[in-house]
Every structure is written in structure tokens, then in C-alpha cells.
Ligand SMILES: CCCCCCCCCC/C=C\CCCCC/C=C/C(=O)SCCNC(=O)CCNC(=O)[C@H](O)C(C)(C)COP(=O)(O)OP(=O)(O)OC[C@H]1O[C@@H](n2cnc3c(N)ncnc32)[C@H](O)[C@@H]1OP(=O)(O)O
Ligand SMILES: Cc1cc2nc3c(=O)[nH]c(=O)nc-3n(C[C@H](O)[C@H](O)[C@H](O)COP(=O)(O)OP(=O)(O)OC[C@H]3O[C@@H](n4cnc5c(N)ncnc54)[C@H](O)[C@@H]3O)c2cc1C
């Protein structure tokens with residue numbers, strides 16, 4: 001905010017009962033992370049190349065070119081200022097525009113790191129790190145996305161020339177969707193069925209050069225282009241999601257990523273001791289980052305809706321005094337505050353997930369693979385529930401802002417359009433929950449065998465207790481006890497998984513049973529993932545959290561998150577007998593009282609996200625709350641208002657009016 005400018009939300013900030021600066025540190029993860037984030041946010045906001053206010057007005061071609069300009073400029077600044085990887089990734093975050101670089105850094109590089117041999121990494125990574133080659137992740141095809149084993153592109157080994165022949169045998173085998181592919185990437189990690197000596201060996205990744213490094217023209221045998229406009233006007237259209245066909249394209253044998261499986265010069269296929277699933281490792285990595293992204297997108301929407309709800313007044317004027325701030329309506333609070341609590345919940349679960357991922361990656365390097373299934377289940381499940389909740393929440397925030405939320409300059413329509421594909425990419429959310437369900441059913445089926453469940457399924461080891469325990473909640477206050485809450489969530493989750501396992505056992509064919517019970521399995525998986533989020537929030541509170549009143553606020557938010565989920569899924573809790581209807585009603589009483597505790601802190605709690613006005617790009621979410629004059633000014637900047645009489649008047653309006661006059665005279 002400019003020095004000396006009026007702060008229309010000052011009153012809201014004065015009622016805060018905690019130290020906002022300390023909360024900023026907790027949200028960012030550390031003082032260092034906050035400092036880096038703050039510095040990079042300002043760097044981006046002060047650079048005219050990174051302006052975004054005109055984005056929705058640009059044509060696709062202009063938008064795309066502008067994105068190329070921004071990406072090139074960001075890279076120039078990263079190199080000039082010798083930014084660290086952490087700083088560079090914050091620059092990307094604040095530039096706030098999907099671009100080919102996301103796939104280059106986020107998937108192409110990790111795919112080579114995770115699936116390439118040491119030699120392959122040494123050859124390709126330095127080129128990628130300097131952006132002397134630009135890569136994408138070309139897995140999905142026109143005919144298959146979720147079913148990776150169903151991909152049709154082939155990679156046939158030719159022992160005569162020591163090459164693989166990459167081919168698209170059908171229309172449906174055309175690569176379709178990869179970001180960065182359409183217009184920019186020079187290379188791809190392309191996934192194809194490996195065929196050696198007429199035998200198939202599953203789907204593997206191959207580094208394929210697509211375009212000339214001299215003139216950017218597609219290489220012989222490559223047909224490549226953009227797949228067309230996507231949802232929304234600006235949004236994800238800054239990305240060149242592409243189509244790609246291979247016509248018997250030859251690549252050297254050493255361009256197959258061979259950490260999992262090797263093909264020798266003689267055409268021998270050697271399986272290493274690394275599990276096949278590591279081929280899916282890049283997706284595990286990205287799913288983990290998507291959980292952190294969910295907390296960012298959600299907190300951004302909530303920040304806009306909270307500030308605006310404090311500015312906006314409707315009804316309730318007494319004796320000519322001001323009307324009621326809409327944030328004071330209990331309905332507004334019950335719609336908004338759970339989303340605020342969810343933003344914090346997703347933030348902390350993403351921190352935990354990152355540490356789990358780092359731990360599993362270190363173990364994989366040492367040849368320990370036992371924790372891979374849990375990492376897969378956690379990343380898939382948390383990616384699924386956090387992105388679904390965030391997409392719904394952004395839309396809810398738009399509605400919370402009434403009519404003005406529908407204006408592009410509220411920032412919410414664009415945020416929704418750009419965010420919502422997260423429910424689909426990196427694995428459709430339902431498909432991913434079914435993966436979690438498989439993991440849970442397997443864990444339940446092994447309970448009798450003496451195998452002790454660990455990690456996020458450790459609670460299943462107490463199945464005997466959880467299957468019959470009764471919650472001892474007697475008052476609304478009791479719901480503030482984390483142990484009580486966790487036990488109710490554990491009982492609900494375990495009972496849902498056990499019920500699925502029991503029903504599955506009734507089918508002679510387990511796969512048929514899995515297909516028939518899929519809807520129940522998805523619900524059981526979601527219940528397990530919600531338990532993880534709740535538990536990790538409570539565990540966060542066991543840590544030392546400095547700053548006046550900060551822990552107290554987080555305690556309130558953790559209870560709001562847990563009781564909101566309980567209230568929303570009350571049917572599960574009741575049908576599994578995890579709690580009684582009376583206890584469900586007490587939880588709701590507690591929730592109402594918690595909303596009142598959040599109310600004086602609401603604006604400060606969103607200030608703690610430390611978002612600049614540039615990043616928020618929302619008139620409604622401005623830090624200073626100066627909404628109405630800005631909305632008014634912005635309206636006049638619309639190109640339609642360039643002339644008082646619109647273009648088209650002479651051709652289309654005037655004749656109409658004249659005709660009416662003529663008709664009236666008749
Ligand atoms: C310097 C500058 C810095 C700048 C920094 C910028 C950084 C930017 C960062 C941005 C990051 C990212 C940008 C995001 C953009 C997103 C773009 C989108 C990309 C994509 O969408 S890529 C394509 C994604 N596709 C999918 O997700 C497909 C989903 N399908 C699948 O995953 C699988 O096919 C499946 C799991 C659904 C089924 O596979 P299948 O082989 O048939 O499996 P099953 O038979 O069911 O299972 C076999 C066993 O394997 C286990 N399994 C399955 N998956 C995994 C896994 N991933 N890991 C480990 N194990 C796995 C499964 O559990 C079974 O095990 P079991 O046999 O039961 O023990
Ligand atoms: C913006 C965007 C960017 C993308 N970027 C990339 C990229 O860079 N690289 C890349 O390779 N791919 C990319 N993709 C593709 C993406 O990964 C796939 O679209 C995604 O994995 C979903 O697969 P699908 O499209 O085949 O959906 P489908 O599987 O066809 O889903 C259609 C419907 O069928 C349901 N369904 C499917 N299978 C089952 C099942 N077994 N049980 C129950 N229901 C089922 C789903 O729930 C869904 O409702 C991108 C997609 C988008 C939208």
C-alpha cells in the first residue's frame with residue numbers, strides 16, 4: 001500500500017488478536033522463506049513486463065506471445081540477478097501465468113532425473129538447466145490419458161541401427177494435451193510401448209527431439225501443433241497444449257530413459273531392481289507440488305472474498321447508521337470461514353507431504369522401495385481432495401462476492417478458469433481416489449496377517465478398538481479436543497474401508513467387485529485423506545509456533561476445518577456409528593461459536609498470506625479495501641468505453657431504431 005494512502009480495512013486490522021508478522025512466517029514456512037517470497041513478489045510487481053491487468057483482453061496470439069516475452073524476461077532476470085532455485089521458483093509463482101517453462105522445469109527435468117541413468121542425466125540435464133533445450137512431458141494421447149498402460153505410441157528397437165523407431169500407429173495414439181508441446185518445446189520425454197524383438201515390455205519414457213535447434217522447424221517425421229482454445233478467455237490459454245504425431249521417427253537407443261529397464265546393444269531387455277512404478281515417479285513429484293498449489297489458489301480466493309466481505313455492506317442500517325458488513329452475516333461466515341481454515345489446512349498438509357516425498361526420494365536413492373506405495377497413495381489422494389475442494393471454493397468465493405465477483409477484475413473468474421483443470425491433470429481426481437482405495441483395501445486385507453500398518457495407515461492397526469469404539473463427546477466443548485476429533489475421523493475412515501473390504505469379499509472376482517463398489521471406494525478414500533489433513537493440522541500445532549496469539553488462531557482454524565468436514569459428511573459419521581446424532585449437533589454448535597472467534601481476526605488472517613495487490617489482481621481484494629472508486633475507474637478503461645457511441649452503431653443500431661420509427665408512423 002502507498003505510504004499515507006487511506007486504509008479502509010484499518011478497523012478490521014485493529015481487531016486482530018494475534019501478531020500478523022509472526023503468522024506470515026508460519027504461513028511461509030520460515031522467516032527465510034517469507035523474506036525470499038516477499039522480495040520476489042516485489043521484484044515481479046515492480047516490473048512492467050509482468051503486468052497482468054490486460055490479460056483477459058488479449059487475443060490468443062497476443063496472449064501467447066506476451067507469455068513468451070514474460071518467460072524470456074523472467075529467465076533473463078533469473079540469470080542476471082543470479083537467483084537461487086528457490087528465488088526463481090517464487091518468481092514463477094508471482095509472474096502467475098501458466099507457461100511452457102512449468103513443464104520444462106516441473107516435468108521434463110524431473111522425468112530425466114527420476115527415470116534417467118547417471119549417464120543420461122549427465123548428458124541431458126546441463127542442457128536443460130541452461131534452457132539450451134526446452135522439454136515437455138508427452139504422455140497423454142487423444143485416446144488415453146488415465147489409462148497409461150493403454151497408450152498406443154510404439155517404440156520398436158531396431159538392432160540393425162541401434163535405434164528406437166517411435167511411431168503413432170493410429171489417430172488415437174496422437175499425443176494430445178502436453179503443455180509446452182504445441183509451439184515451444186524442442187524435446188519431449190515421450191511415453192511409448194517398448195517393443196523389442198516383437199515382444200512388448202510396457203510403457204517407458206524416451207527423449208525425442210521434436211524441433212530443429214536452428215530454425216525451430218519440426219524434424220522429419222514429426223507433426224506438431226496446438227490443440228486449440230481452452231476454458232476461459234485468458235486462463236490456461238497462455239499454455240500451448242499440443243498435439244504430436246510420430247511417423248517412424250528414429251532416435252538413438254540411449255535416449256530411452258533406462259533407470260527402470262535397460263535395452264542393450266544386442267537387444268537384451270534387463271529389468272533393474274528398481275520397481276516398474278518408478279516410471280510414474282514424475283507424476284508423484286508433481287502431485288505433491290499440486291497440493292501446495294491448492295493452498296495458494298485457495299488462500300488467494302479467500303483473501304479476495306474476505307476483504308471484500310468486510311468492505312461490502314447490505315441491509316441492517318439502524319437510525320441512518322451504516323448498513324451491516326456482509327462478513328457479519330452468519331451465513332457468510334459459515335460459507336467463508338471453513339474455506340479460510342481449509343487454506344491453512346492445505347498449507348500444512350502440503351508441508352508434511354513435501355517432507356514425506358523428500359524422505360521417500362532419499363530412500364529410493366538408497367534402493368529402499370517399501371515406502372513407495374504409501375507415497376503414491378498420499379500424493380494421489382491429497383492431490384485429489386485438495387484440488388476438488390479448491391476448485392469448488394474458488395467458485396464459492398465468487399458467489400460470496402455477489403455480482404461484483406462475476407467481473408473479470410474481481411480476479412475470481414480468471415482464477416477459477418486457470419485452476420479448475422487441476423482436478424483433471426496429473427490424474428483425474430476420481431481415478432486417483434480409486435488408487436487410494438486399492439491401497440486401503442490392501443492394507444485392511446493384510447490386517448489379519450500380522451503385518452503392522454505404518455505411516456498414514458497406522459491407525460488401522462487399532463482396528464479392533466476403532467471398529468466398535470464410541471465417541472465420549474458430551475458437550476460442544478469436547479469437540480475442541482484434538483484426540484476426540486481424530487478418533488471420530490479414524491473410526492469413520494476405518495469403518496468405511498472395512499465395509500468396502502467386506503463387500504468386496506462377496507464378489508467371486510475381485511476386479512468385478514472393485515468396479516461395482518467404485519463409488520463407495522471413492523468415498524472411503526476421501527475419508528482417509530480428510531483424516532490425514534486433520535491429523536497433520538493438529539500435529540503442526542504440537543510444534544513450537546512463535547508469535548503472540550498465533551497458535552491460538554491456528555487452534556481455532558484446525559477445529560473449524562475438522563468440524564466443518566464432520567458437518568459436511570455427517571452422513572458418513574452417523575451411518576458408520578462413529579458419532580451419534582446428538583454429538584453431530586454439538587459439533588455444529590461448536591462450529592458456530594468458532595466462527596465468532598474468527599470474525600475479528602478474519603482480515604488479519606488473510607493478510608498473513610502476504611499477497612501483493614499485483615499477485616491478487618483483484619479490485620475486490622485490494623489491501624486498502626478501496627473498492628468502489630477503483631471499480632468505477634476500471635469500468636471506464638474498458639475498450640468498449642473508448643468511444644461514447646459504439647462501433648457498429650451505424651450498421652446495426654441506427655437502422656433498427658429508424659425502422660421502429662418508420663413502423664410507428666405506419
Ligand atoms: C529455475 C526456474 C525454476 C522455475 C520453476 C518452475 C516450476 C514449475 C512447477 C510447476 C509444476 C508442475 C506444473 C503442473 C502442470 C501440470 C500439467 C499436467 C501434466 C499432466 O497431466 S501429465 C499426465 C498425467 N497423467 C496421469 O496422471 C495419468 C493417471 N494415470 C495413472 O497414474 C495410472 O495409469 C494409474 C495409476 C491410474 C493406473 O496405472 P496402472 O499401471 O494401470 O496401475 P494399476 O494396475 O492400477 O497399479 C499397478 C500398481 O502400481 C501402483 N502405482 C500406480 N501408480 C503409481 C505411482 N505413481 N507411484 C507408485 N506406484 C504406483 C499401484 O498402486 C499398483 O500397485 P499394487 O500392484 O496394487 O501394489
Ligand atoms: C490443462 C491440462 C494440461 C495437461 N497437461 C498435460 C501434460 O503436460 N502432459 C500430459 O501427458 N498430459 C497432460 N494433460 C492430460 C491429463 O493428464 C489427462 O487429461 C488426465 O490424466 C485425465 O485423463 P483423461 O483425459 O484420459 O480422462 P478420462 O480418463 O477419459 O476421464 C473421463 C471421465 O472418465 C472417468 N474415468 C476414467 N477412468 C475411470 C475408471 N477407471 N473408473 C472410474 N471412472 C473413470 C473420469 O473420472 C472422468 O470422469 C493435461 C490435461 C489438461 C486438462
Highest to lowest packing among 612-620, 122-130, scored as the average C-beta count within 10 Å: 612-620, 122-130
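Taking R0 as 51 Å, what's the FRET efficiency between residue 195 and residue 75 from their Cβ-Cβ distance, rounded to 0.05? Don't jump to the answer; show the numbers that get you there.
Working: r = 39 Å, r/R0 = 0.76.
Efficiency, from the Cβ-Cβ distance: 0.85.
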All-pairs Cα distance distribution in the chain, expressed in whole percent, bin size 10 Å: 3, 14, 23, 24, 19, 11, 5, 1, 0, 0
Between segment 112-156 and segment 480-496, the Cα center-to-center distance that results, in Å: 42
Distance from segment 5-29 to segment 55-102 (C-alpha centre basis), Å: 30
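Report the extension gain between residue 542 and residue 61 in nm, rounded to one decimal, defined as 0.36 nm multiplied by the number of residues separating them, less their alpha carbon distance.
Working: separation 481, 0.36 × 481 = 173.16 nm, distance 5.11 nm.
Gain on extension, residue 542 to residue 61, equals 168.0 nm.
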Antiparallel bridges, percent of DSSP beta bridges restricted to segment 108-272 (to nearest 5): 80
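Between residue 14 and residue 250, what's the calculated FRET efficiency when r is the beta-carbon distance and R0 is 60 Å? Round to 0.05.
0.30
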Estimated FRET transfer efficiency when R0 is 51 angstrom, pair residue 170-residue 659 (beta carbons, to 0.05): 0.35
Sorted largest first, extent of segment 108-272 alpha carbons per principal axis (Å): 52, 35, 27
Percentage relative contact order, segment 108-272, counting C-alpha pairs under 8 Å, at least six apart: 25
Per-peptide average of other Cβ atoms within 10 Å, ordering 52-61, 165-174 highest first: 165-174, 52-61
Relative contact order (percent, whole number), segment 139-228, Cα cutoff 8 Å, 6+ residue spacing: 27
Paramagnetic reach from residue 214 (point 7 Å along Cα→Cβ, amide N under 19 Å) across segment 161-199: 186-187
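Quick one: of the DSSP bridges fully inside the chain, what percent are antiparallel, nearest 5? Walk me through the numbers before you get to the answer.
Numbers: 32 of 39 bridges.
Restricted to the chain, the bridges split so that about 80 percent are antiparallel.
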For segment 183-231 versus segment 337-415, the gap between their alpha-carbon centres in whole angstrom: 30
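How would you order 475-485, 444-454, 596-606, 282-292 from highest to lowest mean count of nearby Cβ atoms within 10 Å?
On the way: 475-485: 16.7, 444-454: 12.9, 596-606: 20.6, 282-292: 23.2.
Order by mean packing, descending: 282-292, 596-606, 475-485, 444-454.
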Inter-site label distance for residue 467 and residue 628 at 7 Å from Cα along Cβ, in nm: 6.4
Contact order normalised by residue count of the chain, Cα under 8 Å, 6+ apart, percent: 16
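Taken together, the values in this text are just the output of simple stated rules run on the coordinates, not laboratory data. Fair warning: this is a prediction, and the values are worked out from it, not measured in the lab. Counting neighbours? That spans all protein chains shown, and the Cβs are built from the backbone with ideal geometry, glycine included.
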